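The values are calculated or read from the model by the stated rules, or taken from the named source; none is laboratory data. Computed from a prediction, not measured in an experiment: that's the story for all the values here. Positions of Cβ are backbone-derived with ideal geometry, glycine not excepted, and every protein chain shown enters the neighbour counts. Just the protein is used for accessible areas: all its heavy atoms, side chains included, with ligands, DNA and RNA removed. Shrake-Rupley method; radii C 1.70, N 1.55, O 1.52, S 1.80 Å.
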Amino acid sequence: LAVASGEDGVALAARAGADLSIDGRAEQVADAARQFSADGLDAALLTAGGAAADAAVATVRPGGRAAFPSGVQPEPASTAGVEPRAFNGEPDAELLERFVALIGDRPLDVHVEREFTLDQIPAAHHALHDHHLGKLAIAIG
């Protein structure tokens with residue numbers, strides 16, 4: 001189950017292989033989660049906070065896991081049996097080796113919405129507040 005923002009985000013999640021992708025701003029996350037798994041989700045990876053994130057956590061079965069990157073605001077709320085945990089993306093050689101082994105020789109698609117030059121950093125910062133699909137990148141050199 002992938003919860004995205006906008007039709008373009010839903011389409012990207014479907015292309016990435018999501019079994020079910022919905023627009024979290026236009027559809028009820030809890031309803032979609034129950035449709036996807038009547039017994040509750042095993043886990044939720046949350047990349048944004050707010051009502052949709054809280055609704056997703058509420059659909060995780062007791063004892064399941066919910067995680068979010070440090071810095072997500074507001075932090076997702078706890079529910080009975082599920083305590084969302086923050087994590088940092090610390091580099092770890094063993095984890096990176098496992099990741100590379102999982103990928104194998106399959107193509108890895110990183111979607112870059114827009115690339116900025118160093119002198120456009122203020123515009124890139126402002127673009128973070130606009131709807132964008134994928135990553136915003138700064139070109140060095």
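Observations, loosely collected:
- Looking only at the stretch 16-45, residues that are in contact (Cβ under 8 Å) with a residue 24 or more places away in the chain and farther than 20 Å from residue 82 by Cβ come to 2 in all.
- Subset of the stretch 84-103 [open to solvent by less than 80 Å² (accessible area, probe 1.4 Å) and among the β-branched types (Val, Ile, Thr)]: 103
- When the residues of the stretch 105-136 are filtered to those that are more than 19 Å from residue 11 (Cα to Cα) and modelled with pLDDT under 90, the one that is surrounded by the fewest Cβ atoms within 10 Å (Cβ to Cβ) is 105.
- Long-range neighbours under 7 Å by Cβ, at least six apart or interchain, first residue within 20 Å of residue 47 (Cα to Cα) and of a type outside the set (S, T, N, Q) within the stretch 88-115, second open to solvent by less than 90 Å² (accessible area, probe 1.4 Å) and assigned to a loop (DSSP other than H, G, I, E, B): 111/133; 111/134; 112/134; 113/132; 113/133; 113/134; 114/132
- Qualifying helices (runs of 4 or more DSSP H) (wholly inside the stretch 1-59; at least 1 residues being polar (S, T, N, Q) and open to solvent by 40 Å² or more (accessible area, probe 1.4 Å)): 29-36
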